Amino acid sequence: MPIGPDVKACWGPDCINLPVGDIQDAWDRTTSLIFEHSVSSSSSTSLTVTIDDPSASLNLSADESYILTVSSSAISISSPTQLGYYHALQTLSQLIIFDGTSYSIPNTPLTISDSPRFSHRGILVDSARHYEPIPTLRRVIDSLTYAKLNVLHWHLVDTQSFPFVSPTYPDLGRMGSFSEQERYTEGDVTDLVEYARKRGVRVMVEIDTPGHAGSWCSGYPEVCPSASCTQPLDPSTNATFDLISGLFKDLTGGERGKGIFKDDVMHLGGDEVDTSCWSESEEIAEWMEGRGIDVEGAYGYFIGRVQEIAHTMGREVVGWEEIWNHFKTDLDPTTIVHVWLPGSEVGKEATQAGYRVIWSRSDVWYLDWLKTTWEKMYEAEPTEGIAEGDQHLVLGGEGCMWGETVDTSDILQTIWPRGAAIAERLWSDKEKTKEAKDAEGRYKEFRCLLTGRGIEAAPSMNRIGRDAPKGPGGCLEQRRE
Amino acid sequence: MKLALATLLLPAIAAHDVEIVECKVSVSNGSDNPSLSYTTDESYSINIDEDGKCQIKATTEFGVVHALESLSHLAGETCSISNAPVSITDSPRFAYRGLMIDSARHFLPVHFIEHIIDTMAASKLNVLHWHISDTESFPSSSDLFPELAEKGAYSYPDASYSVQDLKGIVKYAYDRGIRVMPEWDVPGHGSWGKGKPEVTILDGACSNTLDPTNPEVYTFLHSFLTEMKDIFPDANLFLGGDEVDTNCFDSSPTVSKWMSDNNIEDGVALQSYFWQQVTAQVMPGLNKTLGVWMADDGIPYPEDLPAGSFGNVWQSQSMMPTVIDRGADVVLSGPWYLDQQKPGGFSSYAIQDLWQGMYKIEPYDGLTSSQQGSVLGGSACMWAEGVNALDFDAIAVTKAAAVAERLWSDASVKDVDDAQARLMEHVCRLNMRGIAAEAIAQNFCLADVL
């Protein structure tokens, strides 16, 4: 079916104008993406869009399904929500080919009925080990949509830097950021979350405590054990929890659906806590003794208090798997466990006990592990070892782009194209996508799609992530050495 | 495998054992010339039902090799198993599971190296790091530079490897899923000077250190390694770089003068210069990933090496994060030196403490989750000052098996008592195959009476 930039999109059976705003904007973005080359030919193709609820909430239970039909002269998209519509537009953009003169959709008529396997399909970005400028984060969000990923897990702060300027506790960002220009204001966050929302991407913020918090100290020394022992954050003083509460209020508005990070879910970290600074601090040691707890107990106390703060602000909580290892079934039943340790079996343990999990095992889905091949990422299975009856508790997973060894200059070529292997694992039917070698052709094509859209995906046949091409060649056929 | 009473030579198949008559093998991504590299999929599954119907599945032929090895552990000499049904899905934790052998301190005959490869296959080790040459001898032949082995071997030609021998060993290893990574140690630990004195420092206290100030050294190494790169097709090339005595430089008037003329302040800076030249002049065109020894002094510096190089951390395990942060991947061997005969601390049962100490090592200790991604694996190292073909098995194999499990199995597999029971069974199995692996504790093995 021929198609051109003059293709008309209209709404519903009466074919009226598309609703202004998100729906029209998505169509405009799609047409600029597809029709890069100017063509003189015209076609009389039309696209009819039918969405039952075009302003559905963007959350874990949202319906992202769609039906895309292309006949010899007409295209139609129908979906329960705007999210399915966005995905349908992506699929449509992948169907259209350009032969050098004109655009067309081959293999028509066709009907595609599609929906994701998992509802949480994300990429973690770390803006603490390296600040990521807003334009970079926007491009990351754009690239997520091309692979139908729907969560940006924003690991906002860590030991190395605290780039967010909290209105209530401004010295966190003033003293904790790498430099003045490497900061996010409330406005920056609001704009970015809105940018993501329009594209069907949830932004889940992570404030990691009590470990990974060495940067908090410079602004507010009272929350750390001492000037020389800056983390984990001090559990023995209410100053710590007041600060966390104030910071969380700035982020969440204090209520469900409010704030600058509107998402229902908030990640509270809780990983890799080295408690030596607690044991070495006289004050904290005394406080622990007074309560009759050891460092393990203090960790549990800290996690419990922060979770409560998040709950009072209407947020559901995710934590790294260490919280499961500590609490086991004493963990609040609504908490989502984020599996990450290499070879971890926590996915199986936690779902067996009825807890929901998100899956990011480091030995397969950490994107900073350059040696992990796309095949290995593709063939990883988040429900591995989990009984069929418990598998629905696996909400999905994330590729993690930790920032120690990437910055804005190379983050996109590290996330992509291997991130696409993760994206397919999270979207597609398990039985149809078992073997990476069957996906190889499509994987190569997808890398070319990304680079064609200005996303610097690394050569797809690299033996390691983020490496230069080995020699001359086309986008699709490359040397693999 | 049930051991029969001592009156029988071989165990009979007991009534509830299941005989395996045939095993169907399927490979999903096979080819005529499967490539064996760091990214090769070594996974496999074995399914045996109650009736002995057996199926092996793997992505590559090398997964099948591992499956057959595991099947031989299950089924033993009787081709029967006593615990059907069996369902195994297996894949290694680390892709680089190495054994380093040293054919310079003691020559190792070709058939013995093949024997060593057999011992590796039994424990699913998959990288043979072959430390070919050192100060004592240079046994590998070269068509371009025949004088290296002719003059450098302990005894030529009987204690040397012809080019044909080298290729034969590579093929023997490949058939068993084992990569052969050659090492010619530079600029120290060498005997290049026996055949080619002009590439070494001619004046001064050392007779065999390559002369970093001589531009011919780099053209020579490039030519030599270009010849070697197809004989050893593995992606990795190891060039040593360890323990350079800087007195070799200071005591040489020509080198000292060159250093002062070129503003190279000391022996450390001269080594830096050497590796920069290796990167710029020797490595291009070889298409190999470079590996070097990484001592606690951090030399060679990763900044002087090509991007993507790796360091074999052989002194303190705590050097690993430093090496990683400097930009190199790492292979751990420090705690796994097999020539170490005495464990730390007093003990009457040395072998027990040694294998257990090696087994308890965790390569990820002290590493952030980001750094863990740079760990390729590890290597047990059988330095041969005090070992030759006659005692290799006894000194290397049992301990290497402990290291092999650490590198193959999940980190959570660490119970020493459980491991001991399985290791003893494995030693017996090796003994039955004619491999004289060291015994570790009291038991009876049929090999004792055969």
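The values are calculated or read from the model by the stated rules, or taken from the named source; none is laboratory data. Given the structure is predicted, the values throughout are model-derived calculations rather than measurements. Neighbour counts are summed over all protein chains in view; Cβ atoms, including those assigned to glycine, are modelled from backbone coordinates with ideal geometry.
Taking the residues in the stretch B:87-117 that are among the β-branched types (Val, Ile, Thr) and surrounded by fewer than 18 Cβ atoms within 10 Å (Cβ to Cβ) as candidates, determine which candidate is nearest to B:Lys151 (Cα to Cα).
First pass over the stretch B:87-117, keeping only residues among the β-branched types (Val, Ile, Thr): B:88-89, B:101, B:110, B:113, B:116-117.
Filter once more, so that each one left must be surrounded by fewer than 18 Cβ atoms within 10 Å (Cβ to Cβ): B:88-89, B:110.
Numbers: B:Ile88: 52, B:Thr89: 51, B:Val110: 20 Å.
Step by step, filter the stretch B:87-117, then rank; the result is B:Val110.
Examine the stretch A:380-389 for a residue that is closer than 15 Å to A:Glu321 by Cβ, more than 10 Å from chain B (Cβ to nearest Cβ) and touching a strand residue (DSSP E or B) at 6+ places or on another chain (Cβ under 6 Å), and state whether such a residue exists.
Checked against the condition, which is being closer than 15 Å to A:Glu321 by Cβ, more than 10 Å from chain B (Cβ to nearest Cβ) and touching a strand residue (DSSP E or B) at 6+ places or on another chain (Cβ under 6 Å), the stretch A:380-389 yields at least one hit.
May I ask you to list the residues in the stretch B:428-450 that are under 19 Å from B:Gln352 (Cβ atoms), among the hydrophobic types (A, V, I, L, M, F, W, C) and part of a helix (DSSP H, G or I)?
B:Cys428, B:Leu430, listed by residue number.
Which residues, taken from the stretch B:279-321, are surrounded by 21 or more Cβ atoms within 10 Å (Cβ to Cβ), within 22 Å of B:Gln340 (Cβ to Cβ) and free of Cβ contacts under 8 Å to residues at least 40 places away in the same chain?
Hits for the stretch B:279-321 are B:Met294, B:Gly311, B:Val313, B:Met319.
Looking at the stretch B:338-367, I want the residues that are modelled with pLDDT under 80 and have a partner that is of a type outside the set (A, V, I, L, M) with Cβ atoms under 7 Å, at least 6 apart or on another chain. Which pairs are those?
B:Pro343/B:Asp353; B:Pro343/B:Gly357; B:Ser347/B:Asp353; B:Ala350/B:Gln341; B:Ala350/B:Lys342; B:Ala350/B:Pro343
Just to check your reading of the model, which residue among B:Ile361, B:Ile324 is crowded, with 23+ Cβ neighbours inside 10 Å, more than 20 Å from B:Glu243 (Cβ to Cβ) and of a type in the set (A, V, I, L, M)?
Among B:Ile361, B:Ile324, only B:Ile324 is crowded, with 23+ Cβ neighbours inside 10 Å, more than 20 Å from B:Glu243 (Cβ to Cβ) and of a type in the set (A, V, I, L, M).
Based on this model, can you work out whether A:Leu449 counts as away from every other protein chain (no Cβ under 14 Å), touching a strand residue (DSSP E or B) at 6+ places or on another chain (Cβ under 8 Å) and not in a loop (DSSP other than H, G, I, E, B)?
Spelling it out, it is not the case that A:Leu449 is away from every other protein chain (no Cβ under 14 Å), touching a strand residue (DSSP E or B) at 6+ places or on another chain (Cβ under 8 Å) and not in a loop (DSSP other than H, G, I, E, B).
For A:Trp278, which of the numbered conditions (1) buried (at least 19 other Cβ atoms within 10 Å of the Cβ); (2) closer than 27 Å to A:Trp359 by Cβ fails to hold?
(2)
Considering only strands (runs of 3 or more DSSP E) fully contained in the stretch A:37-117, which possess at least 1 residues that are in contact (Cβ under 8 Å) with a residue 60 or more places away in the chain and of a type in the set (Asp, Glu)?
Those strands (runs of 3 or more DSSP E) do not exist here; none qualify.
Scan the stretch B:183-193 and tell me whether some residue there is at negative phi and out of contact with any strand residue (DSSP E or B) (no Cβ under 8 Å at 6 or more places or on another chain).
no
Working only within the stretch B:364-393, note down all residues that are surrounded by fewer than 22 Cβ atoms within 10 Å (Cβ to Cβ), away from chain A (no Cβ under 14 Å) and part of a loop (DSSP other than H, G, I, E, B).
If the condition is that a residue be surrounded by fewer than 22 Cβ atoms within 10 Å (Cβ to Cβ), away from chain A (no Cβ under 14 Å) and part of a loop (DSSP other than H, G, I, E, B), then B:Trp383, B:Glu385, B:Gly386, B:Val387, B:Asn388, B:Ala389, B:Leu390, B:Asp391 are the ones that fit.
Looking at the stretch A:118-145, which of its residues are in a strand (DSSP E or B) and under 14 Å from A:Leu367 (Cβ atoms)?
Initial filter on the stretch A:118-145 (in a strand (DSSP E or B)): A:120-126.
Once the filter is applied, which keeps residues that are in a strand (DSSP E or B) and under 14 Å from A:Leu367 (Cβ atoms), the stretch A:118-145 yields A:Gly122, A:Ile123, A:Leu124, A:Val125, A:Asp126.
Kindly list the number of the only condition in (1) closer than 14 Å to A:Leu172 by Cα; (2) free of Cβ contacts under 8 Å to residues at least 24 places away in the same chain that fails for A:Ser228.
Of the numbered conditions (1) closer than 14 Å to A:Leu172 by Cα; (2) free of Cβ contacts under 8 Å to residues at least 24 places away in the same chain, the odd one out for A:Ser228 is (1).
Only one of (1) more than 10 Å from every other protein chain (Cβ to nearest Cβ); (2) assigned to a loop (DSSP other than H, G, I, E, B) is not met by A:Pro342, so which one is it?
(1)
List, please: which pairs have Cβ atoms under 7 Å, are six or more places apart or on different chains, and start with a residue in the stretch A:278-295 that is among the acidic types (Asp, Glu) and end with one that is in a loop (DSSP other than H, G, I, E, B)?
These pairs meet every condition: A:Glu280/A:Cys229; A:Glu283/A:Ser236.
Checking the condition assigned by TED's automatic domain parsing to the domain that holds B:Pro187, among the aromatic types (Phe, Trp, Tyr) and farther than 24 Å from B:Ser140 by Cα, which residue from B:Tyr218, B:Tyr273 passes?
Details: B:Tyr218 fails: farther than 24 Å from B:Ser140 by Cα.
So the residue among B:Tyr218, B:Tyr273 that is assigned by TED's automatic domain parsing to the domain that holds B:Pro187, among the aromatic types (Phe, Trp, Tyr) and farther than 24 Å from B:Ser140 by Cα is B:Tyr273.
Regarding the stretch B:217-230, can at least one residue be identified that is part of a loop (DSSP other than H, G, I, E, B) and either in contact (Cβ under 8 Å) with a residue 40 or more places away in the chain or not hydroxyl-bearing (Ser, Thr, Tyr) (or both)?
Looking for residues that are part of a loop (DSSP other than H, G, I, E, B) and either in contact (Cβ under 8 Å) with a residue 40 or more places away in the chain or not hydroxyl-bearing (Ser, Thr, Tyr) (or both), one finds none in the stretch B:217-230, hence no.
If I filter the stretch A:346-354 for residues that are part of a loop (DSSP other than H, G, I, E, B), in contact with a Ser or Thr (Cβ under 6 Å, 6 or more places away or on another chain) and within 9 Å of chain B (Cβ to nearest Cβ), do I get at least one hit?
Looking through the stretch A:346-354, none of the residues is part of a loop (DSSP other than H, G, I, E, B), in contact with a Ser or Thr (Cβ under 6 Å, 6 or more places away or on another chain) and within 9 Å of chain B (Cβ to nearest Cβ).
Take A:Ser104 and decide whether it is in contact with a helix residue (DSSP H, G or I) (Cβ under 6 Å, 6 or more places away or on another chain), more than 30 Å from A:Arg356 (Cα to Cα) and among the small types (Gly, Ala, Ser).
Numbers: in contact with a helix residue (DSSP H, G or I) (Cβ under 6 Å, 6 or more places away or on another chain): no; more than 30 Å from A:Arg356 (Cα to Cα): yes; among the small types (Gly, Ala, Ser): yes.
So A:Ser104 does not fit the description; no.
Somewhere in the stretch B:418-427, is a residue part of a helix (DSSP H, G or I), small (Gly, Ala, Ser), within 14 Å of another protein chain (Cβ to nearest Cβ) and surrounded by 16 or more Cβ atoms within 10 Å (Cβ to Cβ)? Give the derivation first.
As a first pass, look at the stretch B:418-427 and keep what is part of a helix (DSSP H, G or I): B:418-427.
Of the ones still in play, those that are also small (Gly, Ala, Ser) are B:419, B:421.
With within 14 Å of another protein chain (Cβ to nearest Cβ) added as a condition, the list becomes none.
No, the stretch B:418-427 has no match at all.
Hand me the list of strands (runs of 3 or more DSSP E) wholly inside the stretch B:41-92 holding 1 or more residues that are within 14 Å of chain A (Cβ to nearest Cβ) and β-branched (Val, Ile, Thr).
B:86-90
Step by step: first the residues of the stretch B:1-32, then only those that are over 35 Å from the mean Cα position of the chain (by Cα) and at pLDDT below 50, then the one that is nearest to B:Glu61 (Cα to Cα). Which residue is that? Break it down stepwise before answering.
So in the stretch B:1-32, the residues over 35 Å from the mean Cα position of the chain (by Cα) come out as B:4-9, B:11-19, B:21.
Filter once more, so that each one left must be at pLDDT below 50: B:4-9, B:11.
Values: B:Ala4: 35, B:Leu5: 38, B:Ala6: 39, B:Thr7: 40, B:Leu8: 37, B:Leu9: 35, B:Pro11: 31 Å.
Going through the qualifying residues, I end up with B:Pro11.
State the number of residues belonging to the stretch A:339-391 that are of a type in the set (A, V, I, L, M), touching a Leu at 6+ places or on another chain (Cβ under 7 Å) and touching a residue at least 40 places away in the same chain (Cβ under 8 Å).
1
Quick one: would you say B:Lys167 is in contact with a helix residue (DSSP H, G or I) (Cβ under 7 Å, 6 or more places away or on another chain), surrounded by fewer than 23 Cβ atoms within 10 Å (Cβ to Cβ) and in contact (Cβ under 8 Å) with a residue 60 or more places away in the chain?
On the way: in contact with a helix residue (DSSP H, G or I) (Cβ under 7 Å, 6 or more places away or on another chain): yes; surrounded by fewer than 23 Cβ atoms within 10 Å (Cβ to Cβ): yes; in contact (Cβ under 8 Å) with a residue 60 or more places away in the chain: yes.
Criteria met by B:Lys167.
Only one of these is modelled with pLDDT under 95 and either under 26 Å from the mean Cα position of the chain (by Cα) or not assigned by TED's automatic domain parsing to the domain that holds A:Asn150 (or both): A:Ser41, A:Ser65. Name it.
Values: A:Ser65 fails: modelled with pLDDT under 95.
None of the others qualify; the one that does is A:Ser41.
I need the full set of residues from the stretch A:390-419 which are more than 14 Å from every other protein chain (Cβ to nearest Cβ), within 17 Å of A:His155 (Cβ to Cβ) and of a type in the set (S, T, N, Q), in order please.
A:Thr408
Tell me, yes or no, whether the stretch A:77-97 has at least one residue that is more than 20 Å from A:Ala26 (Cβ to Cβ) and aliphatic (A, V, I, L, M).
Looking through the stretch A:77-97, at least one residue is more than 20 Å from A:Ala26 (Cβ to Cβ) and aliphatic (A, V, I, L, M).
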